[in-house]
Every structure is written in C-alpha cells, then in structure tokens.
1. Look at the range 165-188 and say how many of its residues are under 22 Å from the mean Cα position of the chain (by Cα) and either farther than 24 Å from residue 311 by Cα or surrounded by 22 or more Cβ atoms within 10 Å (Cβ to Cβ) (or both).
2. Test residue 34 against the stated conditions and say whether it is touching a helix residue (DSSP H, G or I) at 6+ places or on another chain (Cβ under 9 Å) and surrounded by 14 or more Cβ atoms within 10 Å (Cβ to Cβ).
3. Please go through the range 119-137 and give me each residue that is surrounded by 13 or more Cβ atoms within 10 Å (Cβ to Cβ) and free of Cβ contacts under 8 Å to residues at least 40 places away in the same chain, ordered by number.
4. Quick check: is even one residue across the range 86-94 out of contact with any strand residue (DSSP E or B) (no Cβ under 7 Å at 6 or more places or on another chain) and closer than 23 Å to residue 150 by Cα?
5. Please verify whether residue 155 is in a helix (DSSP H, G or I), touching a residue at least 24 places away in the same chain (Cβ under 8 Å), in contact with a helix residue (DSSP H, G or I) (Cβ under 9 Å, 6 or more places away or on another chain) and under 24 Å from residue 285 (Cα atoms), treating the condition exactly as stated.
6. Please state which one of 126, 132 is more than 19 Å from residue 20 (Cβ to Cβ) and in contact with a strand residue (DSSP E or B) (Cβ under 9 Å, 6 or more places away or on another chain).
7. Please work out if residue 319 is farther than 23 Å from residue 136 by Cα and more than 20 Å from the chain's Cα centre (by Cα).
C-alpha cells in the first residue's frame, strides 16, 4: 500500500514556490509516495501541472489570507477532513506557532518540522533551522533527513503551450519589454512611489515597460503611473497568477520588490533586479543565486527593518538594470 504524504504549505505564492525544490526532491527519490499539497486558495494555481504532486487540497488559514475570504469554521472543517485521511507523513515548513498547531491537529503518524522553540512541540520528527542559509536549503534539510536525495533543481513552475498561446491572444504586447512589479503583501517591503516612477520613465526611454500588480495594489500603481512622464502598459488587476507567470517568462527583465514576482522570475529563469530591505535576501532572496539575479539590499547597522527600503536610491536600481538592457 502506498504511503500517503501531506505537504502542509497554506502560505502565499512566493512561499509556496520556495517549497517546490523539496517537493521535487521527495517525489524524485520516492515516486511511489502519494503526495498531496495542502495550500491556500490564493496560491494553489501556481502548482498547476506540477508532475510531482498527486493531489491539491485547499485549506485557508484566516491569519494568512490576503485577497481570499477565510473563516475559522471552514478551517476547522478542513482540518478534520484532512485528519480523517490519516496521512503517514505530514511535512510542515512554517515555524510560526499557530501554523504548528494546525499541523498538530492534522494528525498523521509522523509530523516533520523545524526544531524551534515556538513550534517544535507539534512535530514528532524535528530538523534544525539555520537562519544563516536560504529557506529552500532548510526545507531540503527536512526532506534529506526523511531519506530523500537532495536534487540540484531550482524553483519550478510548469507552463503549458496553450497558456502561452491564450496569453498572446488576450494581450497585445511588444516583443521586448521590462516588467515592473512594485507591490507586495506587506507594506514595509514597498519602495517609494516617486522613485518607481523615475525608474519606469528611465527604462521606458530604452524599452517598453509593463507594470503589474494585484487588485489590492491598484491605488499604489495609480500613484506611480500618475507621477510618470512617459507611457507604460498597465496590467494591474488584469492578470491571473498563471498569466503573470507567462508575462514574466516572456519579458526581458523583471524589476520588483520582495514578492511572488521575484520567485516566479527565478523559477522561469527570467533576469531580475530585486529590491530587498525588510527581509534578508540570504534567507528569502531569489533561489538559486545566479548572475542573472541581482539583489539590492541596503540595510544599515542598527536600523529598523521596516525603514530599510528608503536606503535604496534610483541610481542603485539604474546601475543594476543597465546590466540587462
């Protein structure tokens, strides 16, 4: 009888993408495992067509939901539905206490997670969490401890040709363009709108600019475009997550703050310039590190994390972008 595995990752799109190397490595080592990914409805589409996943189950945690309505009653119902499946192994990659509690309530014969004070109690099998290395490497540590071989693959998105064809039919874009994605789910990750406008204008003198964002970011995008002197293609609120992936795949370059777009570009090998401040790129930056991924990170010693993004100047971004266009 096949052993049943649950990957518990009810996070945002970028977090889920950062888990794909672990999914790949586990399934490649143990193809006989029946692997289900328990994920939030707002990020599930990014796993579509992933050949290493047998099933996707939707569970929305209210404290992680952004553009999705989530209730505690529905969450509890889903927990007990999954619990009845009696998984042989449950892998949890969050270190937060509330998510660890959900992992615990999911049951399972074995629960794999990180050996940190606030959540170690929830797991039967624990692996050290190293804040000095990338989270992907930490996730792979869990899979390796389980017995899987660590594969040297990066993040993965699987796009089908019909998705590319449908995108081309729906959107008329120039052959070459740069994507700017200034939004993020947490405000301390944002850069100054006036500086975004200057960068967009400067880039647009050389190559067309496409600005994108979610519905909740429309006011931010409007603020940026209203300060621009030049033109851009504004696709804010127009794209599904799969269409965003195609847009980034076809682009010459992505310029973005720390958001899902950065990890989508990494997965699709699109060159990128990423602006980091609130989060540490050593842990959360583009993976794997390569010469087509440039991270601008200017946190001053002793400075509050939430104030770091203002340290990045327009000239810093120009110097990085000039390497690609």
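Bear in mind that the values in this text are calculations on the coordinates, not laboratory data. Everything numeric here is computed off the predicted structure, so don't read it as measured data. Quick reminder, even Gly has a Cβ in these numbers, built from the backbone with ideal geometry, and neighbours come from all protein chains shown.
1. Of the range 165-188, the ones under 22 Å from the mean Cα position of the chain (by Cα) are 167, 178-188.
Imposing the further condition that a residue be either farther than 24 Å from residue 311 by Cα or surrounded by 22 or more Cβ atoms within 10 Å (Cβ to Cβ) (or both) reduces the set to 167, 178-184.
Within the range 165-188, residues that are under 22 Å from the mean Cα position of the chain (by Cα) and either farther than 24 Å from residue 311 by Cα or surrounded by 22 or more Cβ atoms within 10 Å (Cβ to Cβ) (or both) number 8.
2. no
3. 119, 120, 122, 123, 124, 125, 126, 127, 129, 130, 137
4. Looking for residues that are out of contact with any strand residue (DSSP E or B) (no Cβ under 7 Å at 6 or more places or on another chain) and closer than 23 Å to residue 150 by Cα, one finds at least one in the range 86-94, hence yes.
5. Details: in a helix (DSSP H, G or I): no; touching a residue at least 24 places away in the same chain (Cβ under 8 Å): yes; in contact with a helix residue (DSSP H, G or I) (Cβ under 9 Å, 6 or more places away or on another chain): yes; under 24 Å from residue 285 (Cα atoms): yes.
Against the criterion (in a helix (DSSP H, G or I), touching a residue at least 24 places away in the same chain (Cβ under 8 Å), in contact with a helix residue (DSSP H, G or I) (Cβ under 9 Å, 6 or more places away or on another chain) and under 24 Å from residue 285 (Cα atoms)), residue 155 does not qualify.
6. That would be 126, the only listed residue that is more than 19 Å from residue 20 (Cβ to Cβ) and in contact with a strand residue (DSSP E or B) (Cβ under 9 Å, 6 or more places away or on another chain).
7. Numbers: farther than 23 Å from residue 136 by Cα: yes; more than 20 Å from the chain's Cα centre (by Cα): yes.
Judged against the criteria, residue 319 is a match.
Conditions tested, residue by residue: (1) in contact (Cβ under 8 Å) with a residue 12 or more places away in the chain; (2) surrounded by 15 or more Cβ atoms within 10 Å (Cβ to Cβ); (3) in contact with a helix residue (DSSP H, G or I) (Cβ under 9 Å, 6 or more places away or on another chain); (4) in a loop (DSSP other than H, G, I, E, B).
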| position | (1), (2), (3), (4) |
| --- | --- |
| 231 | yes, no, yes, yes |
| 265 | yes, yes, yes, no |
| 282 | yes, yes, no, no |
| 324 | yes, yes, no, yes |
